[in-house]
Structures are given as C-alpha cells and as structure tokens.
C-alpha cells in the first residue's frame, strides 16, 4: 500500500466545525461544565477540541481538566456521600430514582444516538441498537436493589448471625472511546443503586455523551453531588486512580492502563475492576457451512470498525473449510458499505483517530511482510470529498496467517480479521489459548457437544457459541490473564460496589461470664 493512498492527518474546517456546533445546539444538548477550583490560578481550565472522526473536523471544545479538578470533584463526591441523602435513602426510594433515570435516558435516546455517532464514528444503526439498551442497566440494578436480601448465616449455639451490605464510598469510573455510554451505564447504574457517589472520567476523545448523560440524570432528579465528570487525559486518570479517597476504580481500556490502575489501588487496598485488551479467537469447525459461519462471524470482526475488546480478530478455521471460509468472509467484507456514520445505510464508519488509523495500517503492512495475504481490503477506501479527512480503513481479511505472526498475537483494534488454519479440536484449543489475553472467544459448530467442550476448555471470561458479542444486564462481563480482573454487570458487579458487615447477636437468656464458674468451654 502506497503512502500517498492514505488521507492526510485531520484538519479543522471552520465552516464544518461551526455547522456541527450549531447542530449540537439545536439538539438541545446540555453539557455539564466542570467547576473551576478557585485555590490557584494554575488550575485554570485548558480546553480540548473534540473531533468527528468521520470528517476530521471539530465538533466542539470541552474543558480539559487537571489533577486539581479531580481533587475538587472527589472532595465534592465525598461530601455528598458523607453528608448527603443518597446513601441513606431507603432502598425502595433509591430504586425509584434509578427507574426515573432509565425513563429519562429513554426519552433522550434520539439525541444521545446522534451525539455518540458524531463523536465516535460508529454507524447510527449500531449506535441505536446499542444505546437503546442503556436504560435496561438502570432498571436491572434498580430491580436488584429492590429485591436485595441480607444473608442469615448458619452457626451453632444461641446466636443469630446475619450480613449487611454497605456502599463503598466514592467510586471512580474510567470509560473508553469505543462504547462510551453503554460501558458507563454498566458500572454507573450498579454504583448508584448500591448508594455510592461517583466521579467519571470519559475518554478524552469521546466525552460528549457522558456530559450529556449527567444532565439527563440531573433533570431526572438525581441529587446534586452524586455524579461528577472530569474530562481530560492520562494525568487526570492517574490522579483519579491514585486518589486516597477513591474506594473503587472501574476501568475499561488498555492493558497497561489497567496494570497502572491495579498498582495504584493496591497501595491503599482499594478495589479495582478492569476490563482490558483482548485477542479474541473465533474457532470455526468443518461441520458447519463456511458461508454461514463467515456471514455470522463477520459481525465479530467488523462491528464498531473492529474497535472492541472482544472483536473477533483471530479466526481459527479447520482446514477442510478454510479456503471456502476465507472466500466467503472476503466477499462479505468487500460488500460492507463504508461511509458517513450518520446515514442509516452505512455499515462501517471510521476509526477514532488518525493515530489509530496509522497503527492499524502499519499492522496490516507488518502482516504482509511476515507472509500473510490480503484477501480483502488492506487500505484506505475511496470516499466522497466531505469524508476525505476521516479516519477510515477498509474491512480487511488477512489469510495464510500463522500463530507466530504479529497480527495473530497483538491486538489490532481495527477492522482486520486474521485467518489461521488448524487441524483438529485439540489443535484449535491450543491455538486459541496461545495468547496473553483471555477476554472473549467464539465457537462455530453444529455439534453442540463439541460447542460445550470447547467453551469449557478455552481460557476466556466469555464464550459465545454460534454467535458473538451478545450481552444482557444480568451477564457478568470481564476476562482473565491480561484482559483484566473483576466483572462488570450482573449480580457480581452490584455486590462488588458494597462491603459486607457480619453481625453476630447472642440470643440466649443467660449472661456471658467467661471467667466465671463453670467456664463456657468454647471460644469460637
């Protein structure tokens, strides 16, 4: 691929930027302004331009927080936790608040769809399919809260022993650029349901729907001070994860960011849930129609332009159907409609930035240099002039790959499917597990017993059989190895935003006198 085939880095077009800002104003987006600390002139706001990755133009500028702003936000959240009503509300009332939040999000959904598509470049059809489910997380956690029961524990003697769950305090939530609102909703709804206050740091590239959501929650009646947002880059995230008053960090991002957060929280024994990188294997057996598998599994590779931690980027295909699968997947990739993500007929939008596009193109080049064959895509698509500065990459299939290649080992985070042949079931499982990650996996087979066997043996936090990337509020989400620790969503996430207190009550009528006569005879 020639260098001159690639679009130039983004440029700001004043006319387009002005138009986008006008569209936001017309959409009646209320963007939270982060309060500026008054303690020092050094804390005055910087600003950051937020780009539309489909055009490379500026949508708007937002405050770029400093570590001082993090301190202000945590201080305010701590005050709301210690003195405000939220943690002390009856559970039924807090559940009603979450249900009102869900209704308000639903009522604002069209605005949120449009804003998120403009900010992260995901096609509007995908964005609607994903964000229309955000209210479910608030309703699910409201249901868990309303149905919560304290455990009564068995024990010998005249004692009643029970447990009570209490909120942790101030929790930090750090979200990525690829699914900003859904990933926030997973953690935020559980944190709020259990009575915590929250400081959110969205990706510096996609903060707009997070800021809009906070306004929606405020309009729905969420008490003042319960949720704060700090926008900014790495220094802001590092200050949040290292802050002594943060009781738990939930982070979705790269493995190195997760490792740093784990070290920072471990120093003060705070909790951390980290959903990190992945190199998801998709195992295709020869008992399934390769065309059916390719058409279904293409979703795994190309949804969100491959910018998903569970994106299917390693296709392990049994030799008997390998060539037919490559042909079918390549045909599907070539037919995907690339274009303006705001159009309902667009199936694949841009990557998030020029930097990410260059990384993906560089990895495709590396794959070719190491012996892979470009069976589809491999470069930058020809697009209309208004999208010429967007960060697009063609959906790409790299065939004739081996497990030793860089593209088969490293996370690409772009629309690139790497196809590697295997011989038998044991070979497939060994190859699937030959990686430092362990987030998701997929299995395509018509042999249901084999599907269960392989799902049991693959090292991954989530496995889909004959499908991919399906999720529900009740399903724990997370990985093992370098894909992270802890679980988002489900009962597991709800419980992890609380700490457990065990209460032992002696119910006997007589008094306790250990040093009397006769001695009780039992200490524990």
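Where a number appears in this text, it was derived from the coordinates with a stated rule and is not lab data. As the structure is a computational prediction, the values presented were derived from the model and not from experiment. Note that each Cβ is placed from the backbone with ideal geometry, even for glycine, and that neighbours are counted across all protein chains shown.
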(message) For the chain, take the longest principal axis of its alpha carbons; what is the angle in degrees between that and the long axis of helix 134-147, to the nearest 10 within 0 to 90?
(response) 20
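Take every Cα pair under 8 Å in the stretch 339-420 that's 6+ residues apart, average their separations, divide by the length, and report that relative contact order as a whole percent. Write down the numbers at each step before the final one.
Values: 123 pairs, mean separation 25.0, N = 82.
Reported relative contact order: 30 percent.
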(request) Would you work out the relative contact order for the stretch 226-307, in percent, from Cα pairs under 8 angstrom that are 6 or more residues apart? (result) 23
(message) Compute for the stretch 462-504: radius of gyration divided by Kirkwood radius, i.e. Rg/Rh, restricted to C-alpha atoms, rounded to two decimals.
(response) 1.12
(message) Can you tell me the orientation of helix 208-219 relative to the chain, as the angle in degrees between its alpha-carbon axis and the longest Cα principal axis, to the nearest 10?
(response) 40
(message) Based on alpha-carbon atoms only, what is the radius of gyration of the stretch 57-209 relative to the globular estimate 2.2 N^0.38 Å?
(response) 1.25
(message) Between residue 269 and residue 295, what is 0.36 nm times their sequence separation minus the Cα-Cα distance? Round to one decimal in nm.
(response) 4.7 nm
(request) Take every DSSP beta bridge with both residues inside the stretch 129-267 and express the antiparallel ones as a percent of the total, to the nearest 5. (result) 15
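Could you check what % of the DSSP bridge pairs in the chain are antiparallel, to the nearest 5?
Working: 24 of 63 bridges.
Bridges in the chain that DSSP calls antiparallel: roughly 40 percent.
Return the calculated 222 nm mean residue ellipticity for the chain, to the nearest 500 deg cm²/dmol, obtained by summing -39500 (n - 2.57) across DSSP H runs with n ≥ 4 and dividing by the residue count. Write down the numbers at each step before the final one.
Working: 17 runs with 203 residues, N = 524.
Taking each H run of at least 4 residues, the total per residue is -12000 deg cm²/dmol.
Want the number for residue 369 to residue 219: 0.36 nm per residue separation, take away the alpha-carbon distance, what's left? Before the final figure, lay out each step's value.
Values: separation 150, 0.36 × 150 = 54.00 nm, distance 5.50 nm.
Extra length available between residue 369 and residue 219 comes to 48.5 nm.
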(message) Run the simple label-point estimate for residue 259 and residue 355 please: 7 Å along Cα→C-beta, distance reported in nm.
(response) 1.8
(request) Can you give me the P(r) profile for the stretch 215-311? Cα pairs, bins 10 angstrom wide beginning at 0, each as a whole percent. (result) 13, 28, 25, 20, 12, 3
(message) Can you tell me the orientation of helix 290-302 relative to the chain, as the angle in degrees between its alpha-carbon axis and the longest Cα principal axis, to the nearest 10?
(response) 60
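How high is the relative contact order of the chain, given as a whole-number percent (alpha carbon pairs under 8 Å, six or more residues apart)?
Numbers: 1140 pairs, mean separation 93.1, N = 524.
Value for the chain: 18 percent.
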(message) Need one number: % antiparallel among DSSP beta bridges in the stretch 353-467, to the nearest 5.
(response) 30
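Rounded to two decimals, what ratio of Rg to Rh does the chain give with C-alpha atoms and a Kirkwood Rh? Can you show the working numbers first?
On the way: Rg = 25.3 Å, Rh = 24.6 Å.
Ratio of gyration radius to Kirkwood radius: 1.03.
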